[in-house]
Amino acid sequence: MARCFGERAILPGDPRYEAARRVWNGMIDRRPLAVLRCTGNEDVRAALDFAAEVDVPVAVRGGGHSVAGHGVVDGGIVIDLSPMATVTVDPSNSIADAGGGTQWGGFDAATQRHGLATTGGLISHTGIAGLTLGGGFGWLTRKHGLSCDNLIEAEVVCVDGRVLRASPEENAELYWALRGGGGNFGVVTRFRYRLHHLGPNVLCGTIAFAHASTRDVLRRYRDVMATAPDELAAYMTFGTLPDGERAIVLTTLYAGPAEDGAGWMERLRRCGTPLADLVASRPYTDFQKSLDGSQYAGRRAYWKSSFLSGLSDEAIDMAITCAAELPARDAILNIERYGGAASRVPPEATAFPHRDSEYLINIMSVWDDPERDGANVGWARESWAAMAPFVQSRSYSNFLGDEGQSRVREAFGVNFDRLATIKARFDPGNRLCVNQNIVPTSGAMTNIEETK
Ligand SMILES: Cc1cc2nc3c(=O)[nH]c(=O)nc-3n(C[C@H](O)[C@H](O)[C@H](O)COP(=O)(O)OP(=O)(O)OC[C@H]3O[C@@H](n4cnc5c(N)ncnc54)[C@H](O)[C@@H]3O)c2cc1C
């Protein structure tokens, strides 16, 4: 194996090993047998063969952003796709092909050169791979659907070494499973996306309101969004401003002509009295990096997340209670409105089922000092328990920790049984078990601990 990968195999004892085993979440401390940096399908196939030969689990790493740390595994093989980050745009057909190790920053830069974009994540160093395979929410979700709704083809290296193309015409079951079922079915080395005209400048930015006005601001936000067009995306975040002041911050983007969006921005401003208003027309690629600041790799993170069918006054009041004291400067409670194009896709049309949930609520702590682990994890868990009466029995696989099989079932909902059947076809021995794992009936390889 080392002969086949040469310098691209990073083993314990190699000076690069400590950095190579790290993922975005600094809480994750796992020691793989080897990190194999793959440059193409042949490498991926060789890595899978080697894992089978020594009978160890495989972690596939796209961007390494899984909060559960699914980009690395104790005692197993990491298939690190970071060298595969080429993006090729075909502007005349509005499609882009991107390698499995591409990050959204690179993808957006390449597509925006042609005035094109697709739904992608809010942080530029998140991997396109994990995000798309689990669904994919972003500023363009209401206008153009989830990232997985824009996936029109994928190239997959299967655990048995076959390289398959998955599309509506070829391997349609696999194609269906890849759009929301996560990394359970094979290693995706190429993603082909449908693109849409956008930018280069878009009307977007943040508006901060005083923390004391949160109740009124959230109620008005809910009312504005109830009649908003698909072009308008707006999220609400309980957080702390750079000067230390607590605030409720609205982050928004209008995915259409600025002149059409101006009136909607004005309605959002009138949700309260702005402390700061940074909404302006600016390059989409800048906005896509504007939230990167506190989200750098290596920080400690613990999240709880679920869907809400609506935003009742009682749910707003409980969110205010939960966010009254935040355990860290960068801890946030965040409420995101969806609907629009993503909600017009039937729940069984792709593996991602939660189409009619209107809101996503995220309780997210990010901090640096390990001595503050208890306070941060405790706050997220207590807040989560307090919000329980208002959330649906659903979860978003991309925001899940290792929270047990019942939460995995909630993530895949009505599609779980069909996904389990497809898993049994493509990975019967569960070699790809370092993910929100759908256990095939025939195998149960796992060494990831549950951390509720
Ligand atoms: C700071 C931050 C911001 C985020 N913002 C958003 C957001 O705006 N919208 C949103 O929807 N989600 C967001 N997420 C969640 C994100 O979608 C998930 O963490 C996603 O899994 C990240 O993908 P990745 O490739 O970076 O992660 P990785 O940790 O590399 O992989 C995650 C999972 O996908 C599998 N996988 C990765 N690559 C492949 C591949 N090529 N083939 C097969 N399986 C693969 C892995 O096995 C693993 O199970 C964010 C996460 C973070 C940490």
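The values are calculated or read from the model by the stated rules, or taken from the named source; none is laboratory data. What you see is a predicted model, and the numbers here were worked out from it, not measured in a lab. Note that each Cβ is placed from the backbone with ideal geometry, even for glycine, and that neighbours are counted across all protein chains shown.
Quick notes
- Given (1) closer than 27 Å to ARG337 by Cβ; (2) near the ligand (Cβ under 9 Å from one of its atoms); (3) of a type in the set (A, V, I, L, M, F, W, C), number of the condition CYS148 does not satisfy: (2)
- Pick from the stretch 131-145, criterion within 11 Å of the ligand (Cβ to nearest atom) and in a helix (DSSP H, G or I), ranking: farthest from PRO83 (Cα to Cα): THR141
- Out of ASN201, ASN184, ASN171, sole residue that is away from the ligand (no atom under 11 Å from the Cβ) and touching a residue at least 24 places away in the same chain (Cβ under 8 Å): ASN201
- Filter result for ILE207 (part of a strand (DSSP E or B), away from the ligand (no atom under 16 Å from the Cβ), at pLDDT 95 or above and not assigned by TED's automatic domain parsing to the domain that holds THR251): no
- Of the criteria (1) touching a residue at least 24 places away in the same chain (Cβ under 8 Å); (2) among the β-branched types (Val, Ile, Thr); (3) away from the ligand (no atom under 12 Å from the Cβ), which one VAL56 fails: (1)
So that you can scan it fast, the table gives a plain yes or no per residue for (1) farther than 28 Å from ASP356 by Cα; (2) part of a loop (DSSP other than H, G, I, E, B):
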position	(1), (2)
MET265	no, no
SER281	yes, no
LEU291	no, yes
TYR302	no, no
ASP317	no, no
THR321	no, no
GLU325	yes, yes
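- Residue in the stretch 222-237 that is under 28 Å from GLU325 (Cβ atoms), of a type in the set (Lys, Arg), assigned by TED's automatic domain parsing to the domain that holds MET364 and assigned to a strand (DSSP E or B) present: no
- Considering the stretch 150-177, the residues that are within 23 Å of GLN436 (Cβ to Cβ) and either of a type in the set (Val, Ile, Thr) or under 14 Å from the mean Cα position of the chain (by Cα) (or both) include one that is surrounded by the fewest Cβ atoms within 10 Å (Cβ to Cβ), namely VAL159.
- For ASP74: the one exception among (1) surrounded by 19 or more Cβ atoms within 10 Å (Cβ to Cβ); (2) more than 12 Å from the ligand (Cβ to nearest atom); (3) more than 15 Å from GLY99 (Cα to Cα): (1)
- In the stretch 31-74, residue farthest from ASN435 (Cα to Cα) [restricted to those that are in a loop (DSSP other than H, G, I, E, B) and aliphatic (A, V, I, L, M)]: LEU33
- Residue match in the stretch 352-363 (condition: farther than 19 Å from CYS322 by Cβ, aromatic (Phe, Trp, Tyr) and touching a residue at least 40 places away in the same chain (Cβ under 8 Å)): yes
Condition check ((1) outside any helix (DSSP H, G or I); (2) more than 23 Å from SER147 (Cβ to Cβ); (3) at pLDDT below 95) across all residues:
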| site | (1), (2), (3) |
| --- | --- |
| GLU314 | no, yes, no |
| LEU333 | yes, yes, no |
| GLU336 | yes, no, no |
| MET364 | yes, no, no |
| GLU371 | no, yes, no |
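- Close Cβ contacts (under 7 Å, 6 or more residues apart or on different chains) running from residues in the stretch 16-38 that are in the same structural domain as ASP368 (by TED's automatic domain parsing) and touching a residue at least 24 places away in the same chain (Cβ under 8 Å) to residues that are more than 12 Å from the ligand (Cβ to nearest atom) and of a type in the set (Gly, Ala, Ser) are absent.
- Residue that is surrounded by the fewest Cβ atoms within 10 Å (Cβ to Cβ), among those in the stretch 82-100 that are in contact with a Gly (Cβ under 7 Å, 6 or more places away or on another chain) and free of Cβ contacts under 8 Å to residues at least 40 places away in the same chain: THR86
- Residues located in the stretch 341-366, provided they are surrounded by fewer than 21 Cβ atoms within 10 Å (Cβ to Cβ) and either in contact with a helix residue (DSSP H, G or I) (Cβ under 7 Å, 6 or more places away or on another chain) or acidic (Asp, Glu) (or both): ALA341, VAL345, PRO347, GLU348, ARG355, ASP356, GLU358, ASN362
- Residue identified as over 17 Å from the mean Cα position of the chain (by Cα), in contact (Cβ under 8 Å) with a residue 40 or more places away in the chain and within 14 Å of the ligand (Cβ to nearest atom) among ILE79, ILE128: ILE79
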